[in-house]
Amino acid sequence: MSEHRFELKAQWSGGLDGTGHIRAGNLVSAISVPSQLDGPGIGTNPEEMLLGAAATCYLITLGMLLKRQGIITIELNSEIFVHNSPAMKVDKIIHRPRISIPAQPSQEITDKISKATYRAEQTCMISKALKGNVEVIVEPEIHLLNE
């Protein structure tokens with residue numbers, strides 16, 4: 001088994017109204033508390049970063065699974081739900097993949113695609129890391145190209 005190491009460097013000034021910067025490989029961003037939570041809303045924030053990690057992991061995993069079916073393009077809309085009372089907590093993430101397929105696919109192909117959308121969530125390493133703490137929901141849409 002091999003171990004892979006990733007490093008993030010960060011700088012922060014201030015309290016909840018403060019700002020900072022992060023750098024991790026190709027990721028370089030300003031950071032702050034989001035404006036929805038009464039922060040300055042500058043750059044990205046932990047909520048967007050968690051959503052981004054969950055969504056990209058899910059999307060890449062789904063892409064690997066669907067490539068076997070000859071599908072190479074997937075659109076994804078994901079949402080994160082955060083409650084801040086009595087304490088900040090991420091409740092759930094919803095992934096809504098939209099997969100376009102040729103008109104009149106066999107039922108077998110449609111079933112395989114549908115199963116892949118759920119399997120991707122179960123096998124994605126970020127979903128596994130969140131398991132037991134954050135509900136991750138998949139709401140797939142299979143779109144026929146002639147529609």
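The values are calculated or read from the model by the stated rules, or taken from the named source; none is laboratory data. Small disclaimer: the values here were computed from a predicted structure and weren't measured. Glycine also receives a Cβ, built like all others from the backbone with ideal geometry; neighbour counts cover every protein chain displayed. Just the protein is used for accessible areas: all its heavy atoms, side chains included, with ligands, DNA and RNA removed. Shrake-Rupley method; radii C 1.70, N 1.55, O 1.52, S 1.80 Å.
Looking at the chain alone, DSSP beta bridges between its own residues are antiparallel in about 70 percent of cases.
Seen against the Cα atoms of the chain and their longest principal axis, helix 46-67 is set at about 20 degrees. Starting from the Cα gyration tensor of segment 70-147, take the square roots of the eigenvalues, sort them a ≥ b ≥ c, and report rounded, prolate or oblate (rounded when a/c is under 1.5, otherwise prolate if a/b is larger than b/c, else oblate). It is prolate, given that a/c is not under 1.5 and a/b is the larger ratio.
Note on Lys128: lysines with a C-alpha under 19 Å away, same-chain residues under 8 apart excluded, are Lys89, Lys92, Lys115. Distance from the Cα centroid of segment 112-135 to that of segment 13-90 is 17 Å (rounded to whole angstrom). For the set His21, His95, the ranking by accessible area, highest first and with no ligand, DNA or RNA atoms included, is His21, His95 under a 1.4 Å probe.
Between the residues Gln107, Asn77, Cys124, the greatest Cα displacement towards the positive end of the dipole of segment 77-131, with unit charges on the Cβ of Lys, Arg, Asp and Glu, is found for Cys124. What aspartates and glutamates sit close enough to Lys131 to cross-link, taking a C-alpha to C-alpha distance under 18 Å and skipping anything fewer than 8 places away on the same chain? The reachable aspartates and glutamates, counting only those whose Cα sits under 18 Å from Lys131, are Glu47, Glu79, Asp91, Glu121, Glu139.
Taking only Cα atoms of the chain, what ratio of Rg to Rh do you get with Rh as the Kirkwood inverse-distance radius?
Details: Rg = 18.2 Å, Rh = 17.3 Å.
My calculation puts Rg/Rh at 1.05.
Summing charges over all other residues whose Cβ lies under 10 Å from the Cβ of Leu76, with Lys and Arg as +1 and Asp and Glu as -1, gives +1. Helix 107-123 and the longest principal axis of the Cα set of the chain meet at an angle near 20°.
Could you compute the net charge surrounding Leu37? Neighbours are other residues with a C-beta less than 15 Å from the C-beta of Leu37; K and R count +1, D and E count -1.
-4
Note on surface exposure: Ser100, Ser32 rank Ser100, Ser32 by accessible area, highest first, 1.4 Å probe. Accessible surface for Ser85 stands near 90 Å², nearest 10, in the context of the full protein assembly shown (1.4 Å probe).
Modelled spin labels at Phe6 and Gln107, positioned 7 Å past Cα toward Cβ, are 4.1 nm from each other. GNM remark for the chain: springs join alpha carbons under 10 Å apart, and the peak mean-square fluctuation among Leu27, Leu59, Leu76 falls on Leu27.
Within the accessible area of the chain, the carbon and sulfur atoms contribute 54%, probe 1.4 Å, all protein chains present.
Evaluate E = 1/(1 + (r/R0)^6) for Asn26 and Asn133, where r is the Cβ-Cβ distance and R0 equals 35 Å; express this FRET efficiency to the nearest 0.05.
On the way: r = 27 Å, r/R0 = 0.78.
Taking R0 as 35 Å, the efficiency between Asn26 and Asn133 is 0.80.
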